[in-house]
Amino acid sequence: MARSNFSVLTILSVILLLPVFSLSFSPDSPSDRRLLVLFDYLSLKSSHSIFFNSLKSRGFDLDFKLADDPKLALQRYGQYLYDGLILFSPSIERFGGALDLAAVLDFVDSGHDLIIAADSSASDLIKSVATECGVDFDEDPSALVIDHRSYAVVGTEGDHTLIAADDFIESDVLLGENKIEAPVLFKGIAHSLNAANNLVLKVLSASPAAYSANPSSKLSSPPSLTGSSISLVSVVQARNNARIMITGSLDLFSNRFFRSSVQKAGSPKKYDKSGNEQFVAELSKWVFHERGHLKAVNLRHNKAGETNEPAMYRIKDDLDFSVEIYEWSGKSWEPYVANDVQVQFYMMSPYVLKTLSNDKKGLYHTSFKVPDVYGVFQFKVEYNRLGYTSLLLSKQIPVRPFKHNEYERFITAAFPYYGASFTMMAGFFIFSFVYLYHK
């Protein structure tokens with residue numbers, strides 16, 4: 001009886017979770033829908049409410065929890081409950097429940113997205129997560145980013161740790177088409193990029209005059225992080241197209257910084273509102289795949305003048321190749337237009353490399369002649385562009401030589417050999433005649 005009741009409860013639990021699982025990431029509708037937000041203190045929910053309301057207005061379902069909640073879990077019954085994770089818990093030493101460093105990394109390895117916001121209280125756990133993502137925070141726990149040239153005039157408190165940063169990455173896909181005019185307020189810790197990781201990018205860099213040190217004490221030795229090597233905000237797009245945002249300032253997302261006026265030192269212009277809200281909103285659109293997400297469909301190839309895809313090609317055949325590429329706009333798939341998409345006709349190395357033409361409606365196409373080499377080839381499209389999800393498509397096709405009855409009856413290139421054969425026969429005939437009848 002007890003076993004029967006347990007089975008019924010298990011079935012009911014799975015049925016109740018089906019709506020949650022249906023919200024998970026899908027290539028056909030790539031925007032993350034359900035996000036888990038972890039806090040050190042629940043008061044952050046109100047002090048950072050503008051950012052959270054922005055996410056809700058874009059259709060996200062946010063689940064707020066304390067980082068040490070004993071019931072924390074990212075997956076259940078082998079299925080992920082969330083599509084994105086926001087860590088606003090810099091001081092947490094150990095996550096609650098089933099969540100730990102390995103679980104966070106597995107979450108990203110499964111193609112899900114992550115935002116990490118640290119501050120001067122950053123724990124070893126948060127620093128370890130960042131390190132695994134290709135970013136190293138300053139090891140000095142008392143160090144903050146200091147800039148005596150690019151500090152914010154308002155509220156500097158004399159230590160120049162409130163920075164007005166405006167060194168943005170030049171990328172419309174990451175930060176949107178509308179230029180961010182006002183500087184971004186930043187107060188927090190510095191991080192640097194792991195030189196061995198070519199997937200991490202600086203989105204907001206410190207000025208050449210910045211350095212990382214304890215603002216309340218004099219420098220006894222040169223700081224380890226200085227100048228533009230300091231990154232204030234970085235992003236990572238993994239090879240599985242999971243996206244990560246890392247910053248050393250939790251205040252970057254706060255209502256206070258969103259609403260604050262800003263004036264950069266040395267600049268006469270004062271802005272009524274900082275660029276934080278626009279910067280964070282645009283970058284979060286990229287992180288959660290509302291922008292820069294591509295898909296490729298309908299890869300086709302056929303002989304010139306035909307429509308059906310053949311089982312194999314013959315050397316020197318003329319063929320047509322096409323593929324459709326679309327970009328997710330946040331609501332629907334729109335044609336992706338670019339002039340740098342290429343196709344390779346590949347066997348160990350590319351024998352043909354062609355740039356595809358497009359019709360501005362998502363269709364990319366080209367024509368070329370099959371090389372005079374037979375074997376097993378691949379049509380391969382590898383597309384990697386800053387800020388966009390990477391595309392990798394391939395389709396295998398064999399190429400055969402001419403059959404014996406497909407060659408021309410007389411090959412022009414063989415005329416010298418034909419001539420040599422007939423000359424030898426004529427010479428043999430003349431030699432035989434002369435030998436037989438010469439007296």
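The values are calculated or read from the model by the stated rules, or taken from the named source; none is laboratory data. Computed from a predicted structure; not experimentally measured. A quick note on method: Cβ atoms are made from the backbone with ideal geometry, for glycine too, and the neighbour counts reach across all protein chains shown. Surface accessibility is based on the protein's heavy atoms, side chains included, excluding ligands, DNA and RNA. Shrake-Rupley method; radii C 1.70, N 1.55, O 1.52, S 1.80 Å.
Among residues other than Arg94 with Cβ under 9 Å from its Cβ, the summed charge is -3 (Lys and Arg +1, Asp and Glu -1). Return the distance in nm (one decimal) between the two label points of a simple spin-label model at Leu392 and His148, each offset 7 Å from Cα along Cα→Cβ. Taking the simple label geometry, Leu392 and His148 are separated by 4.9 nm. Going 7 Å from the Cα of Arg256 in the Cα-to-Cβ direction, what parts of the range 86-126 have a backbone nitrogen less than 17 Å from that spot? Only 89-91, 118-122 pass the distance filter.
Estimated at 0.36 nm per residue, the fully extended path between Val337 and Asp272 surpasses their Cα-Cα distance by 19.7 nm.
A probe of 1.4 angstrom, applied to the heavy atoms of all protein chains, finds His293 with accessible area near 20 square angstrom. Bridging of Lys270 to aspartates and glutamates at a Cα separation below 13 Å is possible for Glu181, once same-chain residues fewer than 8 apart are set aside.
A helix-only calculation puts the chain at -6500 deg cm²/dmol for mean residue ellipticity at 222 nm, using -39500 (n - 2.57) for each DSSP H run of at least four residues, averaged over all residues. Ignoring lysines fewer than eight residues from Lys395 along the same chain, the ones with Cα atoms less than 27 angstrom from its Cα are Lys295, Lys303, Lys316, Lys354, Lys360, Lys361, Lys369, Lys380, Lys403.
The Kirkwood radius of the range 283-374, taken over pairs of alpha-carbon atoms, gives through the Stokes-Einstein law at 25 °C and 0.890 mPa s a diffusion coefficient of 166 µm² s⁻¹. Work out the FRET efficiency for Gln75 and Ser49 from their Cβ-Cβ distance, taking R0 = 45 Å, and round it to the nearest 0.05. Approximately 0.95, to the nearest 0.05. Size of the chain: Rg and Dmax of its alpha carbons, in Å, are 31.7, 126.
For the set Lys56, Lys295, the ranking by accessible area, highest first and with no ligand, DNA or RNA atoms included, is Lys56, Lys295 under a 1.4 Å probe.
With a probe of 1.4 Å, find how much accessible area the range 237-318 has per residue, and write the answer as a whole number in Å². The partial results should precede the final answer.
Working: 3530 Å² over 82 residues.
For the range 237-318, the per-residue accessible area is 43 Å².
Note on the range 246-336: along the principal axes its Cα atoms extend 69, 26, 23 Å, ordered by decreasing extent. Computed over protein heavy atoms with a 1.4 Å probe, the carbon and sulfur contribution to the accessible area of the range 142-205 reaches 44%. Annotation for Val434 and Lys360: the two label points, set 7 Å from Cα along the Cα-Cβ direction, are 7.8 nm apart. Taking 18 Å as the straight-line reach from the Cα of Lys56, the lysines in range (excluding those fewer than 8 positions away in the same chain) are Lys45, Lys65, Lys285, Lys331.
In the calculated pair distance distribution of the range 378-439, what percentage of Cα-Cα distances lie above 16 Å? Beyond 16 Å sits 74 percent of the P(r) for the range 378-439. Can you give the Rg to Rh ratio of the range 122-222, both from alpha-carbon atoms, with Rh computed by the Kirkwood formula? Across the range 122-222, the Cα-based Rg/Rh ratio is 0.98. What you get for the chain, charging only the Cβ of Lys and Arg (+1) and of Asp and Glu (-1), is a dipole of about 1220 debye around the Cα centre.
Subtracting the Cα-Cα distance of Glu181 and Asn214 from 0.36 nm times their residue separation leaves 8.8 nm of extension gain. Residues Asp138, Asp167, ordered by accessible area of protein heavy atoms at a 1.4 angstrom probe radius and largest first, appear as Asp167, Asp138. Accessible area per residue was computed with a 1.4 Å probe on protein heavy atoms; Thr423 scores about 90 Å². Residues of the range 77-99 with backbone nitrogen within less than 16 Å of a virtual label 7 Å along the Cα-to-Cβ line of Asp61, please, listed as ranges. So the set is 79-85. Taking a ≥ b ≥ c as the square roots of the Cα gyration tensor eigenvalues, with a/c under 1.5 meaning rounded and otherwise prolate when a/b beats b/c, else oblate, which class fits the range 182-255? The shape class here is oblate. DSSP beta bridges confined to the chain are antiparallel in about 75 percent of cases.
Accessible area ranking (1.4 Å probe, heavy atoms, ligands and nucleic acids excluded), largest first, for Lys218, Lys187: Lys218, Lys187.
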